[in-house]
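The values are calculated or read from the model by the stated rules, or taken from the named source; none is laboratory data. Keep in mind that what you see is a predicted model, and the values were worked out from it rather than measured. Methodologically, a virtual Cβ is constructed for each residue, glycine included, from the backbone with ideal geometry; neighbour enumeration extends over all protein chains shown.
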Amino acid sequence: MKTAYFYIPLAFLAALLLYAAGCDDDGLPDGPGGDSVSASADIDANGGYVELTDSHGNEISLHIPYGAVDNGTTVTVTATATRLEKQITSNILPGITIAPEDLLLRYPAQLSIRFYNVEGWQEGVLYCINPDELLMPLDEHTVENGTGIIRGNIYYFGEYAAGIPTEQEMLAQIRSAKQAWSRVASRKTVHAYASGDCPPNAYGWQGLRTEVAGLLYWQNRFAMLGNESAAQEAGDLVKAEVERSIESFENQNLPDDLCGNYARAAFNYYQSAEKLGVETDDLKSLTDQLWNQCALRFKITIDYELDDSDPPEVEKESRYATATCYVPYEEFLSDPGSASVKGDGTVTYSDDYEWLYNPNQNWKVTEKKEGRGTITCTGSAALVSPDNVYPTQEYVWKATISLAAEEKGSVEVCDTKYDDDPEQESCQKTDYTKDWRDGYSVVLNGAGATLRDEQLSGDGVTMQHVVTLQWLNPPGFESEDDGKCY
């Protein structure tokens with residue numbers, strides 16, 4: 001019997017071997033053949049790092065800054081063993097996923113990759129794969145020659161990768177973005193992701209900052225390649241997206257706390273507009289107003305409690321008030337030696353009084369008073385020498401503050417003597433009003449202070465009257481509306 005011989009061309013044999021090994025032309029695994037690597041860390045408001053080395057030897061570092069996430073956030077970074085979908089053909093980093101996915105950051109985190117034995121890494125681009133499957137190079141994208149490091153800023157957690165794009169691939173990203181955003185602009189409602197319903201797009205200002213950074217990077221690459229028409233197309237597209245997003249933001253209802261997440265959003269939208277030269281007179285007026293009200297602010301809390309449990313007269317009285325005061329930022333800039341103090345707040349008040357005036361008959365008078373009201377904060381602040389000796393190189397920010405309250409409520413007086421008297425009502429209820437003022441002299445040093453601490457105890461009576469000052473964080477860091485996004 002004859003033996004049959006089959007001759008396989010060398011190129012075809014190489015292709016079969018590549019297929020069997022599960023590799024693309026770039027030499028990175030496209031299927032099983034490597035292990036995914038993960039690292040996690042519990043990150044609090046102080047920030048922190050998550051670091052790992054993937055199966056190819058690339059060192060990955062995620063730095064989360066102070067204030068970017070809430071306390072108790074477990075952040076997990078996974079370097080995937082296989083390529084994520086919808087990527088650049090010449091891939092140099094298969095993929096990174098950061099969880100919890102869709103988590104919006106208050107401040108940008110830095111993602112850094114130190115490539116190990118990757119040819120042509122200097123031409124690489126580190127990008128985000130956004131919800132529209134667009135590849136957006138990171139903000140502040142930096143290639144550190146001689147170190148093997150590419151780094152950039154991210155505004156939310158999701159999917160990331162790196163590759164070396166061709167001019168056609170970059171152009172395809174511009175065209176895909178134009179199509180995707182035209183669909184979004186035509187919809188009246190926007191899909192809500194796991195991070196919550198965040199207009200004007202699914203990822204709020206964090207998404208816009210990501211888009212602006214990505215398109216500006218592509219625009220600059222086109223300019224370097226001499227493709228002026230593509231660069232102009234990218235520039236026009238990103239300006240239109242910024243204008244649309246800002247218009248949507250301006251049409252939202254104002255929250256109760258303007259100095260929280262809303263202020264952070266306004267500043268970031270304005271920064272994007274300013275970076276591109278987009279005219280936004282209304283947004284500029286809004287950010288000026290927010291800085292004026294939010295940059296130098298503090299909260300005064302009044303907590304008063306009285307407990308007199310010694311008969312025959314028993315009384316429990318309480319008053320709780322808070323006022324958020326601020327120094328107008330424009331006044332601070334123009335004349336730090338003479339600025340005003342403004343603000344407002346609320347107060348609640350209750351007083352339960354009981355007098356047993358005839359123990360034999362168990363006759364007693366009770367008086368119940370409840371009320372609410374508003375507080376107005378006024379005063380002046382100045383940057384002065386602490387010892388009034390001039391010249392001096394040390395100054396402190398001193399303020400004289402007056403709180404004026406207007407309480408309104410009801411008072412009900414009852415006398416048990418008339419409980420069984422059909423001719424006489426045992427209880428009478430009337431309105432009550434009360435105005436009061438409090439004044440303080442404080443040093444605004446960026447920290448908290450106790451303005452009053454009165455304690456009394458003895459003969460069945462306890463009383464405490466505590467007034468504290470809490471310096472509030474700059475705009476957009478801490479607010480009552482955390483968890484919302486704009």
### Task
Return yes or no: is THR287 of a type in the set (Val, Ile, Thr) and out of contact with any strand residue (DSSP E or B) (no Cβ under 8 Å at 6 or more places or on another chain)?
yes
### Task
Report yes if some residue within the stretch 83-105 is under 15 Å from VAL143 (Cα atoms), surrounded by fewer than 16 Cβ atoms within 10 Å (Cβ to Cβ) and either assigned by TED's automatic domain parsing to the domain that holds ASP139 or of a type outside the set (S, T, N, Q) (or both); otherwise report no.
no
### Query
Across the stretch 129-155, what is the number of residues that are farther than 24 Å from ALA180 by Cα and part of a loop (DSSP other than H, G, I, E, B)?
4
### Message
Contact list please: Cβ distance under 6 Å, first residue in the stretch 35-53 and free of Cβ contacts under 8 Å to residues at least 40 places away in the same chain, second residue of a type in the set (Val, Ile, Thr) and in a loop (DSSP other than H, G, I, E, B), pairs at least six apart or on different chains.
### Response
ILE43/VAL69
### Task
From PRO199, PRO165, grab the single residue that is buried (at least 16 other Cβ atoms within 10 Å of the Cβ), at pLDDT below 50 and assigned to a loop (DSSP other than H, G, I, E, B).
PRO199
### Message
Criterion first (in contact (Cβ under 8 Å) with a residue 12 or more places away in the chain, of a type in the set (Asp, Glu) and assigned to a strand (DSSP E or B)) does ASP102 satisfy it?
### Response
no
### Query
So which residues in the stretch 286-306 are part of a strand (DSSP E or B), crowded, with 16+ Cβ neighbours inside 10 Å and not hydrophobic (A, V, I, L, M, F, W, C), if there are any at all?
ARG297, LYS299, TYR304
### Query
Which one of these is modelled with pLDDT under 90 and either buried (at least 21 other Cβ atoms within 10 Å of the Cβ) or not assigned by TED's automatic domain parsing to the domain that holds GLN206 (or both): ASP70, ASP54?
ASP70
### Query
Does any residue of the stretch 244-252 turn out to be over 21 Å from TYR155 (Cβ atoms), surrounded by fewer than 19 Cβ atoms within 10 Å (Cβ to Cβ) and either modelled with pLDDT under 95 or in contact with a helix residue (DSSP H, G or I) (Cβ under 8 Å, 6 or more places away or on another chain) (or both)?
yes
### Task
Just name the residue that is nearest to LEU93 (Cα to Cα) out of those in the stretch 58-67 that are at pLDDT 85 or above and outside any strand (DSSP E or B).
ASN58
### Task
Tell me which residues, restricted to the stretch 39-51, are among the acidic types (Asp, Glu) and modelled with pLDDT of 90 or more.
ASP42, GLU51
### Query
What do you reckon, is TYR127 among the aromatic types (Phe, Trp, Tyr) and within 31 Å of the chain's Cα centre (by Cα)?
yes
### Query
If you scan the stretch 106-117, which residues turn out to be surrounded by fewer than 21 Cβ atoms within 10 Å (Cβ to Cβ) and outside any strand (DSSP E or B)?
TYR116, ASN117
